[in-house]
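To start, the structure itself, in structure tokens.
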């Protein structure tokens, strides 16, 4: 897999590059701002771009805008946006019309190396990965300021949030230290409570949940 | 009665008769013209009205009396001059009468001037100076007349004038002493208020800029370092997958780092909400409204860049109002309007819920402090059952 990284902080950029190389991912270019990202993408045609939301020169949402522009130019490109905070508005903009090959994660998720590398592969292959924080936030909001309108249990919320990150049942079971059977039971309950059609495919599962939470337009 | 006059000024018979015949002719022509104009254009009594003011002309008794006195004085002066002329001139005695009449008019004018001063010390001082000027005029004119008519060359009123001037000045100084002090105090106070206003607004602006700088420093500094730390811990963890004890320690360290990152994130969010810093007020409010799922109608009419301090204050007002609506109001509709109004940002947030919000509650008190620090105002309308409307005005200097 070939990757372009757009990150202005050298400390993080170098850490990321080392991490990816250790996991047999080729970093073809490292850039520090939006315009350079677009040039690198056109030059290298990578499978995936890892982009920090906040980039120079404006240090606001420059990276997000560059990522959206990159997707417009190369619809097949996988884009993983990293940020130190999540905004549901940004998730919604990033997903736009087509959520295939989109990821939006908090930066600290790089600490869980295995899950992070899985997420990279998933996004590069056209999957969708949304940080559990976005789902948690949306659930709280849609629930009407914390009231458990849908009656999801705390464990079901955890499972839903991990599902949105594109994880498989096995990965969710591992993460929550429960049996895969228990995870399946939780998922069936969640889909029943949210009145969503059940499905097995990880990517479509994420989409169904996000569509319900109205992240995707 | 005849005053000694220099030979150069001695009147000759021709000069005695010429003025008189001229005067008589003038009187005749005036009388003729007056008669003619009465006949032709003016209503009966017009001339008398011109010379004698009447009460009906909208004058107060005082004004009427004063103008009557002035005109009578003028007429008397003319009459005396006429008598002197008819009496064969000589020593110009009407000058003394003129002096008396002039003093009368001067007293009248001076009193009027003094009376127009604001009541209090200033009016008293004006009255005193009117008296001083009248007295000085009497003295100087008497001296002048004696000098001209009697050739007395010594300037005898000098000491009296000095006394009058000193007394007037001393009185003014005593009467206005407090006033001068107060004026100086007031000037100092105004300068202090100006300085405090200026430095406070500078402080507010600097504080907003500082908060954004701190948020940026956290983002690029501590937060980034902690992320790099978890990344390195993650890499280390991958190398000790077969040593459960060591891996456990690393995972513990990572958990701590995650907690620190989460705490810093909450801290940064409290300083400046990221969407506000990145995209401005309207985007931040839209996100806020979407978050509460209240179906809030948002109307924004902002035609200029807002100062960070104003933007943050407006944001926190709207956030607090929407939180209250979501928590307490049980409202069907909710709306936010933000507009530019005469150099200020007008923020209105309303709902049609149950109302009855306590305007002195801690949340609203905090908002009020924030708004007032910008010289703004905050009003809450929340009658029970009639919804709640929060109005803030934030000057944009």
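The values are calculated or read from the model by the stated rules, or taken from the named source; none is laboratory data. Please read all numbers here as calculations on a predicted model, not as lab measurements. Reconstructed Cβ throughout: ideal geometry from the backbone, glycine too, with neighbour counts over all protein chains shown.
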* If you go through segment B:281-313, how many residues are out of contact with any strand residue (DSSP E or B) (no Cβ under 8 Å at 6 or more places or on another chain), surrounded by fewer than 17 Cβ atoms within 10 Å (Cβ to Cβ) and either assigned to a helix (DSSP H, G or I) or within 13 Å of chain A (Cβ to nearest Cβ) (or both)? -> 2
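Filter segment A:105-115 for residues that are in a helix (DSSP H, G or I) and either surrounded by fewer than 20 Cβ atoms within 10 Å (Cβ to Cβ) or in contact (Cβ under 8 Å) with a residue 60 or more places away in the chain (or both) and give the result. Write out each step before concluding.
Kept after step one, since they are in a helix (DSSP H, G or I), are these residues of segment A:105-115: A:107-111, A:113-115.
Within segment A:105-115, A:107, A:110, A:113, A:114, A:115 meet the criteria.
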* To do: For segment A:22-46, enumerate the residues that are over 18 Å from residue A:123 (Cα atoms) and within 14 Å of chain B (Cβ to nearest Cβ).
  => A:22, A:32, A:34
* Asked: Filter segment A:147-197 for residues that are touching a strand residue (DSSP E or B) at 6+ places or on another chain (Cβ under 8 Å) and part of a loop (DSSP other than H, G, I, E, B); which is surrounded by the fewest Cβ atoms within 10 Å (Cβ to Cβ)?
  -> A:166
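Residue A:101 - would you say it is surrounded by 20 or more Cβ atoms within 10 Å (Cβ to Cβ), within 14 Å of chain B (Cβ to nearest Cβ) and touching a residue at least 12 places away in the same chain (Cβ under 8 Å)?
On the way: surrounded by 20 or more Cβ atoms within 10 Å (Cβ to Cβ): yes; within 14 Å of chain B (Cβ to nearest Cβ): no; touching a residue at least 12 places away in the same chain (Cβ under 8 Å): yes.
Taking the combined requirement at face value, the residue does not satisfy it.
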* Asked: Within segment B:325-365, can you find the residues that are modelled with pLDDT under 90, buried (at least 22 other Cβ atoms within 10 Å of the Cβ) and under 30 Å from residue B:304 (Cβ atoms)?
  -> B:325
* To do: For residues that are touching a residue at least 40 places away in the same chain (Cβ under 8 Å), touching a helix residue (DSSP H, G or I) at 6+ places or on another chain (Cβ under 9 Å) and either within 14 Å of another protein chain (Cβ to nearest Cβ) or part of a loop (DSSP other than H, G, I, E, B) (or both), tally how many sit in segment B:324-350.
  => 4
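Each row is one residue, and each column tells you yes or no for (1) modelled with pLDDT under 90; (2) within 14 Å of chain A (Cβ to nearest Cβ).
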site	(1), (2)
B:183	yes, no
B:186	yes, no
B:190	no, no
B:193	no, no
B:196	no, no
B:199	no, no
B:206	no, no
B:216	yes, yes
B:220	yes, yes
